[in-house]
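Worksheet for the structure shown next.
The values are calculated or read from the model by the stated rules, or taken from the named source; none is laboratory data. Keep in mind it's a predicted model, so treat the numbers as computed, not measured. Methodologically, a virtual Cβ is constructed for each residue, glycine included, from the backbone with ideal geometry; neighbour enumeration extends over all protein chains shown.
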Amino acid sequence: MEKTNNMTTGKVAGIIANLVFVEVDGPVHQNEICYINLGGIKLMAEIIKVMGTQAYVQVFESTRGLKINDTVEFTGHMLEVTLGPGILSKNFDGLQNDLDKMMGVFLKRGEQTNPLEDDKLWEFKPLAKPGDVVIAGSWLGEVKENWMPHKIMVPFKFEGKYTVKSVITEGNYKINDTIAVVNDAKGKEINITMVQKWPVKVPIKAYKEKPRPFKLLETGVRVIDTLNPIAEGGTGFIPGPFGTGKTVLQHAISKQAEADMIIVAACGERANEVVEIFTEFPELDDPRTGRKLMERTTIIANTSNMPVAAREASVYTAMTIGEYYRAMGLKVLMLADSTSRWAQALREMSNRMEELPGQDAFPMDLPAIISNFYSRAGFVYLNNGASGSITFIGTVSPAGGNLKEPVTESTKKAARCFYALSQQRADSKRYPAIDPLDSYSKYAEYPEVIEYFVKNIEPEWPQKITLARDILIRGREVAEQINILGDDGVPIDYHERFWKAEVIDFVILQQDAFDKVDASCPMDRQKYMLSSVLDIYKTKFSFETFEEVGSFFKRVINQMKQMNYSEFKSEKFNKNEKELNTIIDERKTA
Amino acid sequence: METKAFQKIYTKISQITKATCSLKATNIGYEEMAIVHGRLAQVVKIVGENVTLQIFSGTEGIPTNAEVLFLGRPPVLKVGEELSGRFFNAYGDPIDGGPEIDGEERQIGGPSVNPVRRLQPSEFIPTGIAGIDLNNALVTGQKIPFFADPDQPFNQVMAMVALRADADKIILGGMGLTNDDYLYYKNVFDNAGALDRIISFVNTTENPPVERLLVPDMALTAAEYFAVDKNQKVLVLLTDMTLYADALSIVSNRMDQIPSKDSMPGSLYSDLAKIYEKAVQFPDGGSITIIAVTTLSGGDITHAIPDNTGYITEGQLFLRKDTDIGKVIVDPFRSLSRLKQLVIGKKTRADHPQVMNAAIRLYADAANAKTKLENGFDLTDYDERTLKFAKDYSEKLLAIDVNIEVDAMLTACWNLFDKYFKPAEVGIKQEFVDKYWPKN
Ligand SMILES: Nc1ncnc2c1ncn2[C@@H]1O[C@H](COP(=O)(O)OP(=O)(O)OP(=O)(O)O)[C@@H](O)[C@H]1O
Ligand SMILES: [Mg+2]
């Protein structure tokens, strides 16, 4: 990937939308980046196929006005991101241009901006000392980025072992200053700065091992944490028809999840939704640190009206940034909305290249592309023994809301948690509309995860979850019977069974993403509420008529919802709970 | 379409398909416009010296020796204050007999707004229609379609919304409009004395369908001129986007592209998003709001056109004929404005969200009661009351002929609550009940 002196150049030989054929005068390599010169504007493009002396490139911008014989310069490298302090709190486009540095209201073709700040001073503290033997990813020092210890590492491109010759003393430095000098095996001196580059399509592997995820990652969303938990370093996806709440759910997770860093990849979705993050995150507090949410967040915005090819790149840009922070021993959560748009970008290009289409005209290798991408997430032990993780949750927007389509099916094979949003639940405003029974978490079956629950939540937790699921299943069964036979066509205890499931639905599953308190529910609170609803389930009540059952449980639900809306164990919470107990006592049989 | 002296004229077409012509030509820009045999065309493919042109009005009758003249620029619109009150065709040429526009040329289909330069939409657009203002409030910078059956009066509702919305400019993009509907819009705008703030780009059913592909970009280029250069609040009406998408599929079929679902091109999502995402609130006060119409076939919203639209827009509005009152209403169940929470209870009275939810909940209870009735089960007293409430609610609020202010809508709701229910049955926060429940 080193630059050679004679860079290959080329000339435009054909144009079909953003697919351009370039006649080249020298060697090029697959995925190499080039710049097409359009009357002084440089359009960035990537080689996606080579045929003889013609390179097929996909242009990351509009090709309007491009002409045959326009000149092309190849760069010798693949699409790379710049890694270094200053990534946090930034708003990048899919190619890591800093959107805030761009001039004007409209995006200009060919405008590129520095993702980092060359002149900013960072407070550097050495972590390595002369004589240390280091490899790619070893920590040489750290700077404080917002509140996070940002490790300055041996560049990931370095191969083999190096010996530290010197590390600069504590002080303020710029990203391009040399902060360490190392010797390679042959004794050659190499200067290391705080910045490095890495090709986005290549996973960063600077870690020792990648065990199966085994810890819970709290999202603060009850139906996820309690019923379908995602593990730290795990993968999950949220398919759902339009308007069922994918974005609201992802935003909620991004606000509350117990992660050090959040990367939001807005991939081919609405600009106004990104604006919502821009507007809210600098104001909202991170519940765990009290800092502003924006301080731990990086946004990659390639909204639906931005160039389609860059949309595909955007998820890789986001993932690579995640891998960089994971190598610092941090807990990264990455969210992408929506991965279907990325798949569609692949489809548009594949069609233009007249490749043999797979199902629904998606490229044949779509499943492989998706599973490769998901496999970059994970919990890792770094070479120095520390651990880091990337938990990844993507949304999927299935055509016509039908889950039997290629993107959903391919993702289902790759992701371990499945959060199916149901149109029916969304229609009846039962948010988040995650179907509790169709959805699953494979992690909940991992023995190491179960062990983690037993140790960290409570010994009976796995049984409680199973019980809650059973109650929901039985509730659904009797609901069907009541529908067919009518309210008075079934025994009263059917109504009781139905309503006990409704209590779980209203109190545990449903959660108001727009309420300050209810929006986020920490694990100890989830545990408390689950115990409460299960206690109610186990309580025996007596009723004369089915109407009594309904109106009784409506009161129970209302009271418990009030609890959800109150600060945990606050006066208001306790008062509501007391009232709840009074209501329960009315119908309780000894 | 003036021509310049030095322009080279080609006369040797090598290939003609239903939608395209190809010829050998040099120094041609991608997406450049051309005139082929007097018809407008655009470059869609260049391979070496071979240039393929899409002919908007079709290739019928084009001879192989037709004159081909390249215009050296992509499609443009001349912009200026003079656009106001004028009617244009899909190419931006006047069709109202008035003079040519003498303004600055702007390329249509221009770049996107940098997302960090957008402002969060926050300005309420009152329309007087309670089915919209009360339950599905619209906000400047929003994009929202009517999902309507072809026989529903969506053009009337759109015209009404447009005239009542307090917009500085209303830009109509008509695609496949029947001549009657075109004249309807013209009349309504004229009668309202609003012509001077209305600009129309119209492709009627009498025009070739592929031409309509230019209409949204024309309308939105004009919109950007007024919203950015003049900081105005612009409302863009696009009707009917289904016919626009049909034109896309015609082109992609003729160009032998591999169709995806419902024989739509694989790029349908991106194509529609490019249009709808032009809706924006600018920091300097200007805004573009898009209200569109997507006609459904057989009410099927899983068809690729409404489906992709739903994934792009910020909600959707459904019209429905309420047979109980014999009027068309805005369906409160299936309609949704996703941006309403940015304004209701904030720009409108604080009780708005709760009143809205309570009324819809009671209306839903009425729907359940109705099902019970149809299935032969007995109704409770509460069921009976919800049914009566639903009829009044539909008549006084949901019907599209309602035209009142939001406060009056809220008052109407409170009066209906009082007429049929006890406060406990309505379930609104006590402080609002204390304040607004009618005291007799
Ligand atoms: N948890 C929730 N609480 C309350 N309302 C919600 C919740 N989730 C979703 N909604 C409502 O549903 C609307 C649509 O949600 P959202 O934008 O998340 O859908 P989506 O699945 O991302 O749709 P699309 O695929 O079109 O992007 C929201 O604007 C909001 O009105
Ligand atoms: Mg969404």
Item to check | Pair list, Cβ under 9 Å, 6 or more apart: the range B:411-434 residue on the phi > 0 side of the Ramachandran plot, other residue part of a helix (DSSP H, G or I) | outcome: B:427/A:558; B:427/B:354; B:427/B:357; B:427/B:358; B:427/B:361
Next on the checklist: Any residue that is within 14 Å of chain B (Cβ to nearest Cβ), in a helix (DSSP H, G or I) and touching a residue at least 12 places away in the same chain (Cβ under 8 Å) - is there at least one of those in the range A:444-465?
Outcome noted: no
Checklist entry - Within the range A:348-357, is even one residue at positive phi, away from ligand 2 (no atom under 16 Å from the Cβ), assigned to a helix (DSSP H, G or I) and touching a Pro at 6+ places or on another chain (Cβ under 7 Å)? => result no
Next on the checklist: Please verify whether residue A:104 is within 14 Å of another protein chain (Cβ to nearest Cβ), buried (at least 20 other Cβ atoms within 10 Å of the Cβ) and in a loop (DSSP other than H, G, I, E, B), treating the condition exactly as stated.
Outcome noted: no
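Consider the range A:27-82. How many of its residues are aromatic (Phe, Trp, Tyr), surrounded by fewer than 23 Cβ atoms within 10 Å (Cβ to Cβ) and within 14 Å of chain B (Cβ to nearest Cβ)?
Residues that pass the stated criteria total 1.
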Item to check | Selected residue (criterion: farthest from the chain's Cα centre (by Cα)) from residues of the range B:35-53 that are over 13 Å from residue B:208 (Cβ atoms), away from every other protein chain (no Cβ under 14 Å) and surrounded by 15 or more Cβ atoms within 10 Å (Cβ to Cβ) | outcome: B:37
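Okay, residues lined up against (1) away from ligand 1 (no atom under 16 Å from the Cβ); (2) in contact with a Ser or Thr (Cβ under 7 Å, 6 or more places away or on another chain); (3) of a type in the set (D, E, K, R); (4) farther than 21 Å from residue A:145 by Cα:
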{"residue": "A:269", "(1), (2), (3), (4)": "no, yes, yes, yes"}
{"residue": "A:279", "(1), (2), (3), (4)": "no, no, no, yes"}
{"residue": "A:325", "(1), (2), (3), (4)": "yes, no, no, no"}
{"residue": "A:339", "(1), (2), (3), (4)": "no, yes, no, yes"}
{"residue": "A:356", "(1), (2), (3), (4)": "yes, no, no, yes"}
Item to check | Residue that is nearest to the other protein chains (Cβ to nearest Cβ), among those in the range A:107-145 that are closer than 30 Å to residue B:117 by Cα and not in a loop (DSSP other than H, G, I, E, B) | outcome: A:145
Next on the checklist: Consider the range A:346-363. How many of its residues are facing chain B (nearest Cβ under 8 Å) and small (Gly, Ala, Ser)?
Outcome noted: 1
Checklist outcome for this item: In the range B:148-158, anything under 15 Å from residue B:301 (Cα atoms) and either out of contact with any helix residue (DSSP H, G or I) (no Cβ under 6 Å at 6 or more places or on another chain) or not assigned by TED's automatic domain parsing to the domain that holds residue B:183 (or both) is listed as B:149, B:150
Item to check | Residue selected from the range B:62-94 under the condition outside any helix (DSSP H, G or I) and free of Cβ contacts under 8 Å to residues at least 24 places away in the same chain, by the criterion surrounded by the most Cβ atoms within 10 Å (Cβ to Cβ) | outcome: B:94
Checklist entry - Which of (1) modelled with pLDDT of 95 or more; (2) of a type in the set (Val, Ile, Thr); (3) more than 30 Å from residue A:242 (Cα to Cα) is the odd one out, the single condition residue A:490 does not satisfy? => result (1)
Next on the checklist: I need the full set of residues from the range A:6-26 which are more than 10 Å from chain B (Cβ to nearest Cβ), within 21 Å of residue A:110 (Cβ to Cβ) and of a type in the set (Gly, Ala, Ser), in order please.
Outcome noted: A:10
Item to check | Hits in the range A:564-573 - residues which are without any contact (Cβ under 8 Å) to a residue 40 or more places away in the chain and either closer than 18 Å to residue A:502 by Cα or surrounded by 18 or more Cβ atoms within 10 Å (Cβ to Cβ) (or both) | outcome: A:573
Next on the checklist: Anything in the range A:401-424 that is within 16 Å of ligand 1 (Cβ to nearest atom) and in contact (Cβ under 8 Å) with a residue 40 or more places away in the chain? List them, or say none.
Outcome noted: A:401, A:403, A:405, A:407, A:408, A:411, A:418, A:419, A:420, A:421, A:422, A:423
Next on the checklist: When you check residue A:233 against the structure, is it at pLDDT 95 or above and more than 16 Å from ligand 2 (Cβ to nearest atom), yes or no?
Outcome noted: yes
Checklist entry - Taking the range B:54-78, which residues are closer than 30 Å to residue B:224 by Cα and over 29 Å from the mean Cα position of the chain (by Cα)? => result B:69, B:70, B:71, B:72
Next on the checklist: Can you find, within the range A:394-410, the residue that is nearest to the chain's Cα centre (by Cα) among those that are within 16 Å of ligand 2 (Cβ to nearest atom) and away from every other protein chain (no Cβ under 13 Å)?
Outcome noted: A:394
Item to check | Pairs where the first residue, in the range B:95-122, is facing chain A (nearest Cβ under 7 Å) and the second is acidic (Asp, Glu), C-beta under 6 Å, 6+ apart | outcome: B:116/A:100
Checklist entry - Say we look at the range B:261-278 and pick out the residues that are in a loop (DSSP other than H, G, I, E, B) and facing chain A (nearest Cβ under 8 Å); which of these is surrounded by the fewest Cβ atoms within 10 Å (Cβ to Cβ)? => result B:267
Checklist entry - Do we have any residue at all in the range B:341-358 that's away from ligand 2 (no atom under 16 Å from the Cβ) and within 30 Å of residue A:360 (Cβ to Cβ)? => result no
Next on the checklist: List the residue pairs whose Cβ atoms are under 8 Å apart, where the first residue sits in the range A:216-234 and is without any contact (Cβ under 8 Å) to a residue 12 or more places away in the chain and in a loop (DSSP other than H, G, I, E, B), the second is among the aliphatic types (A, V, I, L, M) and surrounded by fewer than 24 Cβ atoms within 10 Å (Cβ to Cβ), and the two are 6 or more positions apart or on different chains.
Outcome noted: none
Checklist entry - Given the structure, is residue B:361 more than 16 Å from ligand 2 (Cβ to nearest atom), over 19 Å from the mean Cα position of the chain (by Cα) and at pLDDT 95 or above? => result no
Checklist entry - Mind checking whether some residue in the range A:158-166 is surrounded by 21 or more Cβ atoms within 10 Å (Cβ to Cβ) and either closer than 30 Å to residue B:281 by Cα or out of contact with any Asp or Glu (no Cβ under 7 Å at 6 or more places or on another chain) (or both)? => result no
Next on the checklist: Can you find a residue that is in contact (Cβ under 8 Å) with a residue 24 or more places away in the chain, in contact with an Asp or Glu (Cβ under 6 Å, 6 or more places away or on another chain) and within 14 Å of another protein chain (Cβ to nearest Cβ) anywhere in the range A:506-516?
Outcome noted: yes
Item to check | Selection within the range B:304-315 - facing another protein chain (nearest Cβ under 8 Å) and under 23 Å from residue B:398 (Cβ atoms) | outcome: B:310, B:314, B:315
Checklist entry - Do we find a residue being crowded, with 22+ Cβ neighbours inside 10 Å and either over 29 Å from residue A:215 (Cβ atoms) or among the acidic types (Asp, Glu) (or both) anywhere in the range A:376-397? => result yes
